[in-house]
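Shown next, in structure tokens, is the structure this report addresses.
Rule-based calculations on the coordinates, nothing more; no lab input. All figures in this text were calculated on a predicted structure; none of them were measured in a lab. Glycine also receives a Cβ, built like all others from the backbone with ideal geometry; neighbour counts cover every protein chain displayed.
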Amino acid sequence: MILQALVDYYDRKCADPDPMQRLPSFGLEEKEIAFVLELAAHGQLLTITDTRQQQGKKLVGQSFRVPAGVKKTSGIAANLLWD
């Protein structure tokens with residue numbers, strides 16, 4: 001009963017219309033991405049888009065939902081489609 005109520009609450013928070021209150025879906029997280037690289041189907045670089053905007057004295061990248069990052073310690077571990 002309590003677990004079902006928590007699942008319902010999480011589902012409501014994921015569907016919240018206010019982006020500041022919304023939670024990312026399971027397996028995703030919000031990350032600031034400064035540059036977006038667009039690739040052709042065969043891997044050629046098409047464009048580089050700068051998503052940064054001035055906030056005060058610093059440039060801050062736009063927030064995107066991306067697959068959850070892997071924990072990095074000392075090995076080589078890349079994140080899926082971002083890093």
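Some observations on this one:
- Taking Cβ atoms as reference points and 14 Å as the exclusive limit, the residues near ALA15 contribute a net charge of 0, counting Lys and Arg as +1 and Asp and Glu as -1.
- The packing ranking, built from the mean of other Cβ atoms within 10 Å per residue, places the peptides 28-41, 1-14 in the order 28-41, 1-14, highest first.
- Estimated [θ] at 222 nm from DSSP helical runs (n ≥ 4, -39500 (n - 2.57)) normalised by residues in the chain, nearest 500: -5000 deg cm²/dmol
- Centre-to-centre, using Cα atoms only, the stretch 64-83 and the stretch 1-61 are separated by 14 Å.
- Taking 0.36 nm per residue of separation and subtracting the Cα-Cα distance, full extension of the segment from MET1 to ASP50 would add 13.0 nm.
- Distance cut-off 22 Å, percentage of C-alpha pairs in the chain lying past it: 49
- Size of charge dipole - the stretch 2-67 - debye, nearest 20, with Cβ of Lys, Arg +1 and Asp, Glu -1, no other charges: 240
- Those residues of the stretch 10-48 whose amide nitrogen sits under 18 Å from the label point placed on ARG65, 7 Å along Cα→Cβ: 10-33
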